[in-house]
Amino acid sequence: MTNSVELGELKLPNPLMLASGTWGFGETLPRKILSSVGALVTKGLSLEPRTGNPPPRLSETPCGLVNSIGLENPGFEVFRNRILPRLLALGPPVIVNIFGESEDDFFRLAEGLAETGIAGLEVNISCPNVKKGGIAFARDPEGVFRLVRGLTSVWERFFSVKLSPVGPVEEVALAAEEAGARALTCANTYPAMTVDLSRGTPRLHLGGLSGPAIKPLTLRLVYELSRKVKIPIIASGGIMSARDALEYLSVGARAFQVGTAILIDPEAPRNILSELDVALKDR
Ligand SMILES: Cc1cc2nc3c(=O)[nH]c(=O)nc-3n(C[C@H](O)[C@H](O)[C@H](O)COP(=O)(O)O)c2cc1C
């Protein structure tokens, strides 16, 4: 079995995590897969429920997927009372991905999740900060420093800051590390759109591109950042095979996430883990 990994104080049975937003809350995935992965990262959670964007929400491109889900989620109360107990019972550590429109939203979510038995938080900073005129947290290194510093006073355990691949990525990563982040997830989707040629209008704009198309881009980011920060990096971007995962691990990632691959083949995490086992034994 692939080796366990340590991300600061968080020990995982193996380095494969299910990426936020790509496996629902496990409704359609075989239990075997859910219970054999290193960690489950939930889809983004906000204080209040969100209905998300109107359809279409997914648009395929030749080597990637553009999504515009709009962070649909049931909100904190329903998640904590009805969904989380089921996820915790599956076995792997549960990392809850949180987002908010203000620093205070993040702090309240972290406080609310403190006594629930989760293994950690993943802090999505790709969302707009309403108090700063809607500029994304990820474009504002000072704002990220304040957010992360504030979080450390309400959340004392593992949390990873999930970077956006656009904006001042290096400055944001360094600010997050200096403020006390335990790890960085590198990275979220890339801004993208698709067109409905029959109408000559956008089919889906304000979307995020994921899948194989982004792997070389995010791979470079992981490589660059791993030379700048000391905290562990969790890679997320176009991992479809054990080879992709190995590439990320070889340039400095400590763990990795599988996302779009699950939407194509729900067995992908299991296949990647077993191929990784073989590849690591052969080394
Ligand atoms: C349909 C879909 C929904 C997503 N929802 C979230 C989310 O709620 N929060 C988040 O931080 N990232 C979200 N992501 C980004 C993924 O977690 C992942 O970082 C990204 O897709 C890159 O990895 P991949 O190429 O393996 O999919 C979503 C991605 C997809 C495709």
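The values are calculated or read from the model by the stated rules, or taken from the named source; none is laboratory data. What you see is a predicted model; the values in this text were computed from it and never measured. Virtual Cβ from ideal backbone geometry, glycine too; neighbours counted across all protein chains shown. Keep in mind that these areas ignore ligands, DNA and RNA; they rest on the heavy atoms of the full protein, side chains included. Shrake-Rupley method; radii C 1.70, N 1.55, O 1.52, S 1.80 Å.
When each of the peptides 60-70, 184-194 is scored by the mean number of other C-beta atoms lying within 10 Å of its residues, the order from highest to lowest reads 184-194, 60-70.
Calculate the FRET efficiency for Thr116 and Asp282 from the Cβ-Cβ distance with a Förster distance of 30 Å, rounded to the nearest 0.05. The calculated FRET efficiency here is 0.15.
Looking at the square roots a ≥ b ≥ c of the eigenvalues of the Cα gyration tensor of the chain, which shape do they give, rounded for a/c under 1.5, prolate if a/b is larger than b/c, or oblate? The shape class here is rounded. Structure note, pairs Lys132/Lys162; Lys11/Lys131; Lys11/Lys32; Lys32/Lys228; Lys11/Lys162: Cα-Cα distances above 30 angstrom occur for Lys11/Lys131; Lys32/Lys228. Shape of the stretch 61-130 from the C-alpha gyration tensor: oblate (a/c of 1.5 or more and a/b not above b/c, with a ≥ b ≥ c the square roots of its eigenvalues).
Judged by the mean number of other Cβ atoms found within 10 Å, the most tightly packed of the peptides 233-241, 77-85 leads the ranking 233-241, 77-85. Of all DSSP-defined beta bridges confined to the chain, some 40% are antiparallel rather than parallel.
Between Arg203 and Glu224, the distance separating the two model label sites (each 7 Å from Cα on the Cα→Cβ line) works out to 3.1 nm. Within the accessible area of the stretch 1-105, the carbon and sulfur atoms contribute 53%, probe 1.4 Å, all protein chains present.
Modelled this way, with points 7 Å down the Cα-to-C-beta line, the labels at Glu142 and Asp104 are 2.1 nm from one another. The label-point distance for Ser4 and Arg31, in a model that sets each label 7 Å from Cα toward Cβ, rounds to 2.4 nm.
Among Arg139, Arg31, Arg199, which one shows the highest mean-square fluctuation when the chain is modelled as a Gaussian network with alpha-carbon springs under 10 Å? Of Arg139, Arg31, Arg199, the Gaussian network model singles out Arg199 as fluctuating most. Hey, could you get me the Stokes-Einstein D for the stretch 26-144, Kirkwood radius over alpha-carbon pairs, 10 °C and 1.306 mPa s, rounded to whole µm² s⁻¹? Result for D is 101 µm²/s. Taking amide H as placed 1.01 Å from N in the peptide plane, Thr61 has its amide H under 5 Å from the amide H of Val66, each at least 5 places away in sequence or on another chain. Only Lys, Arg, Asp and Glu carry charge here, each on its Cβ (+1 for the first two, -1 for the last two); on that basis the chain has a dipole of about 280 debye about its Cα centre. Extension gain for Lys132-Thr152 works out to 5.1 nm (0.36 nm per residue, less the C-alpha to C-alpha distance). Relative contact order of the stretch 128-283, taken over Cα pairs closer than 8 Å and 6 or more residues apart, is 17 percent. Were the residues from Arg86 through Cys63 laid out at 0.36 nm apart, the gain over their Cα-Cα distance would be 4.9 nm. With the cut-off at 1.5 for a/c, could you classify the stretch 150-283 from its C-alpha gyration tensor as rounded, prolate or oblate? Since a/c reaches 1.5 but b/c is at least a/b, the shape of the stretch 150-283 is classed as oblate.
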